[in-house]
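The values are calculated or read from the model by the stated rules, or taken from the named source; none is laboratory data. Note that the structure is predicted; figures quoted are calculated from it, not measured. Positions of Cβ are generated from backbone atoms using ideal geometry, with glycine treated the same way; all protein chains shown enter the neighbour counts. Side chains included, ligands, DNA and RNA excluded: accessible areas come from the protein's heavy atoms. Shrake-Rupley method; radii C 1.70, N 1.55, O 1.52, S 1.80 Å.
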Amino acid sequence: MDLNYSDEEKAFRAEVRAFLAENLPVDVSDKVRRGISLGKEGHEKWHATLNARGWLAYNWPREFGGAEWNAVQRHIFEEECAAAYAPRIVPFGLSMLAPVLQKFGTKEQQDHYLPRILSGEDWWCQGYSEPGAGSDLASLKTRAVRDGDHYVVNGQKTWTTLGQYANWIFCLVRTDPEAKQQEGISFLLIDMTTPGITVRPIVLLDGTPEVNEVFFDDVRVPVENLVGEENKGWTYAKYLLTHERTNIAGVGFSQAGLDAVKRIARIETANGRPLIENPHFAARLAQIEIDLMAMATTNMRIISQAASGQAPGVESSMLKVKGTIIRQEINDLTRRAVGPYAMPFASEAVEGDNAPIGPDYAGPVAAHYFNNRKLSIFGGSNEIQRGIIAKVKMGG
Ligand SMILES: Cc1cc2nc3c(=O)[nH]c(=O)nc-3n(C[C@H](O)[C@H](O)[C@H](O)COP(=O)(O)OP(=O)(O)OC[C@H]3O[C@@H](n4cnc5c(N)ncnc54)[C@H](O)[C@@H]3O)c2cc1C
């Protein structure tokens, strides 16, 4: 296996870098760097910029209007975007639902929904988790009962990320309560403007309403919004999750975070010297850097395998655990680097409404520390990933 980039790959990197230099507005990258929320409009603008260049749906096959990049190209793009502080591409329509529709949807569903994902006309959210059905997702209870040419949906979803912006939600619903858990689930596409849907914000530790509860009260959904076969939704749900875990290592985000903490530690002082020279601080920084380099190499190894057609197995669980630990460590170290300025953390700093208390870079630091507790919970909690690793590698 070759872990070096080819000339062609280096040229691709230069092309991506030039595109970002030309098309990523400084005020947007500045917001991303400082961790200030972009709001719906900010995300939509970046979505449109990438779409105009043909680089939005880079993981889609060409037949559906995608760029069909290989694993190495995707990695290079993600690394360059993180280094340039480009906004994160909202994944729910593009990287989660789209692959499911492309594989299991009808031609009508593909023709209707895929172009609307590209144009940004539809903003999708993910209706999987429920109170009591997170890690144990198959125990979900939201019910869909067939009534003529509609399903009538009743129940509740929770932790629905950015559901406040969404006009569509893809949902796992129980269509056969008598069948074995995994066998009675279906995959439904639901228009969020249908009567009977209530979205209620959940305010997270950082004070922002990033997630929501979504309630369904006799919501009528046309049967043509069923994806694939009734009661086969678990198969599609699992297929979607393999796509949710792309870019799971988040090497680019960690690298950008590490650069930021180094910048701060050169400015902040401890005992009259730059903090970066403090032996305890420097040792922690070095440890994170070593861990990140080791993970980046493992990531490249897996990307190289993927580029030659091998599907990643338990390695993606490994990258999820290690990648999120490293990002949380960086958050912790940054919070320590700004010292008392991390204390008066305020959601206003993330929303960009108020001048930060203390230096500019200190404003959202504590909020990020709190917000990124989520990294080890969503996308399959780290405990669940460790269970998978143990089962595959040690048996049992
Ligand atoms: C910020 C955020 C955004 C999210 N966005 C979405 C979204 O958009 N759509 C969506 O559908 N869901 C979303 N989720 C939900 C997420 O997928 C679940 O939180 C996750 O699957 C864990 O489920 P749970 O919260 O019910 O915790 P539980 O499953 O109840 O777990 C509680 C604790 O027990 C541990 N645990 C559970 N089972 C085991 C086991 N078998 N072995 C060892 N330890 C175990 C877990 O690791 C965890 O520490 C989001 C969550 C967060 C925090």
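The shape of segment 248-297 comes out oblate: with a ≥ b ≥ c from the C-alpha gyration tensor, a/c is at least 1.5 while a/b does not beat b/c. Rounded if a/c is under 1.5, else prolate if a/b is larger than b/c, else oblate: which is segment 95-213, with a ≥ b ≥ c the root eigenvalues of its Cα gyration tensor? Oblate.
Could you tell me the distance between the Cα centroids of segment 92-141 and segment 4-24, to the nearest Å? Using only Cα atoms, the two centres lie 31 Å from each other.
Amide H to amide H, with H built 1.01 Å from N, H150 comes under 5 Å of V223, counting only residues 5 or more places away or on other chains.
With contacts taken as Cα pairs under 8 Å at a separation of at least 6 residues, segment 1-77 carries a relative contact order of 23 percent.
Comparing A86, A179, A67 in a Gaussian network model of the chain where C-alpha atoms under 10 Å apart are linked, the largest mean-square fluctuation is found at A179. Amide H contacts of E130: T158, each under 5 Å away and 5 or more positions distant or on a separate chain (H built 1.01 Å from N in the peptide plane; Pro and chain starts excluded). Less than 5 angstrom separates the built amide H of C125 from those of W168, I169, F170, all sequence-distant by 5 or more or on a different chain. Couplings 3J(HN,Hα) for segment 83-98, derived from phi with the Karplus relation 6.51 cos²θ - 1.76 cosθ + 1.60 (θ = phi - 60°), are 5, 8, 6, 7, x, 5, 7, 5, x, 4, x, 5, 9, 9, 5, 3 Hz, where x marks Gly and Pro. The helix-only estimate of mean residue ellipticity at 222 nm for the chain, built from DSSP H runs of length n ≥ 4 each weighted as -39500 (n - 2.57), is -14500 deg cm²/dmol after division by the residue total.
Accessible surface for segment 155-228, divided over its residues, is 42 Å² per residue with a 1.4 Å probe. Here the Kirkwood formula, the inverse mean of 1/r across different C-alpha pairs, assigns the chain a hydrodynamic radius of 22.5 Å. Note that segment 65-151 shows a convex hull volume over its alpha carbon atoms of 166 Å³ per residue. Sequentially through segment 327-337, phi angles give Karplus couplings (6.51, -1.76, 1.60; θ = phi - 60°) of 5, 5, 4, 4, 4, 5, 5, 5, 4, 5, 5 Hz, Gly and Pro residues having no value and appearing as x. Compute the Cα gyration tensor for segment 1-70, then decide on rounded, prolate or oblate, letting a ≥ b ≥ c be the square roots of its eigenvalues: rounded whenever a/c is under 1.5, prolate when a/b is larger than b/c in the other cases, and oblate in all that remain. Oblate, since a/c reaches 1.5 and b/c is not below a/b. Counting charges near P201 (Lys, Arg +1; Asp, Glu -1) among other residues having Cβ under 11 Å from its Cβ returns a value of -1. When the Gaussian network model of the chain links Cα atoms closer than 10 Å, the mean-square fluctuations of A144, A296, A311 top out at A311. Label-to-label distance for Q102 and D218 is 4.1 nm, based on points extended 7 Å past Cα in the beta-carbon direction. Shown in residue order for segment 195-206 are the 3J(HN,Hα) couplings computed by the Karplus curve 6.51 cos²θ - 1.76 cosθ + 1.60 at θ = phi - 60°: x, x, 9, 10, 10, 10, x, 10, 8, 7, 3, 8 Hz (x for Gly and Pro). The residue list A237, N382, L94 was ranked by how far each Cα lies along the charge dipole of the chain toward its positive end, using unit charges on Cβ atoms, and N382 comes out on top. With respect to the cross-link table entries K232/K374; K322/K393; K238/K320; K157/K374; K45/K320; K157/K180, which display a Cα-Cα separation exceeding 25 Å? The pairs that break the limit, which is 25 Å between Cα atoms, are K232/K374; K45/K320.
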